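Below: the structure, in structure tokens.
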Amino acid sequence: MRQCYHVEIETPSKVVLNGLWFGPKKAQRVVIWVHGLGSNMFARSSIVDALVDKKTAVLAFNNRGYERISRIRNKEGGESALGGSAHEVFTECADDIQGTINLVRRMGVKQVFIAGHSTGAQKAVYWANVRKSRGIDGLILLGALSDH
């Protein structure tokens, strides 16, 4: 059994995403886990064990492409929208990832890495290209960068 903390991530566009923080609350370094298409924050959970230590935490979160069909909540209190991989707009992943980075930085973390698996690796590279890799210390890419 792993100890973790529930976090609520608000993206710059006010979408609310759920995540789990594994490891120390006052981590010096955080790895943000971006899951693949149709997956969720619990996929590849064995990687969490390999990454967490006394100075390192992992923030796993459900981005808008989690599962097949889901509901995505808006912070403004408006109606939720359909989400999940069946309704995902790929380019919105940059907003999701930026929301996690903003949260981690507000918590005072000094080193931030983004780790993506499969389509999550594509999302990490897309975010890095759009944001010119500003605000992170590195990318960890696991699995192929093409879903074809």
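Just so you know, all these numbers are worked out from the coordinates, no wet-lab data involved. Model, not experiment: these values are computed from the prediction. Here the Cβ is made from the backbone with ideal geometry for all residues, glycine too, and neighbour counts use every protein chain on show.
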#### Entry: Gained length - Leu142 relative to Glu10, 0.36 nm times residue gap less alpha-carbon distance
45.0 nm
### Message
For the pair Val125/Arg105, report the inter-label distance in nm, with labels modelled 7 Å from Cα in the Cβ direction.
### Response
2.5 nm
### Task
Compute the distance in nm between two label points, each set 7 Å from the Cα along the Cα-to-Cβ direction, one at Gln3 and one at Ser45.
1.8 nm
### Query
How far apart, in nm, are two points set 7 Å out from the Cα along the Cα-to-Cβ line at Lys25 and at Ser133?
3.4 nm
### Query
Among the lysines, which fall within straight-line cross-link reach of Lys54, defined as a Cα-Cα distance under 24 Å, with same-chain neighbours fewer than 8 residues apart omitted?
Lys25, Lys26, Lys110
